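Below is one structure, written out as structure tokens; comments come after it.
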Amino acid sequence: MKGFGWLTGGNDRELAETKYAGRESASEKAARKQKTKDRATRARDVRAAARAGQAWEDEDRRRERDRHR
């Protein structure tokens, strides 16, 4: 069966040390992408919280001004 030698198995460690040396593994890539996604989500949430807090503060100041008129 010529051409199907890869099906018989082989030395995975040897392949990892030679052919795939220096390449990012699929699990490393997935972890990196998740970390980046988590950072973006956190940054978006922080901005939203800051906007909500600022809106509350602005409204509170407006109410105080109106109360003292």
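If a residue has to be in a loop (DSSP other than H, G, I, E, B) and either in contact with an Asp or Glu (Cβ under 6 Å, 6 or more places away or on another chain) or modelled with pLDDT under 75 (or both) to count, how many in the stretch 1-20 make the cut? Before the answer, list the steps.
In the first step, residues of the stretch 1-20 are kept if they are in a loop (DSSP other than H, G, I, E, B); the result is 1-4, 9-11, 18-20.
If we keep only those that are either in contact with an Asp or Glu (Cβ under 6 Å, 6 or more places away or on another chain) or modelled with pLDDT under 75 (or both) as well, we get 1-4, 9-10.
Result for the stretch 1-20: 6.
Only residues that are surrounded by 10 or more Cβ atoms within 10 Å (Cβ to Cβ) and among the aliphatic types (A, V, I, L, M) were counted in the stretch 26-39, giving 2. What is the number of the single condition among (1) surrounded by 10 or more Cβ atoms within 10 Å (Cβ to Cβ); (2) part of a helix (DSSP H, G or I); (3) modelled with pLDDT under 95 that R23 does not meet? All conditions pass for R23, except number (2).
Every residue, every condition in (1) of a type in the set (A, V, I, L, M); (2) within 30 Å of the chain's Cα centre (by Cα), yes or no:
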residue	(1), (2)
Y20	no, yes
S25	no, yes
A30	yes, yes
K37	no, yes
A43	yes, yes
A50	yes, yes
D60	no, no
D66	no, no
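The values are calculated or read from the model by the stated rules, or taken from the named source; none is laboratory data. Since the structure is predicted, the reported quantities are computational estimates derived from the model, not experimental observations. Glycine gets a Cβ as well: all are built from the backbone with ideal geometry, and neighbour counts include every protein chain shown.
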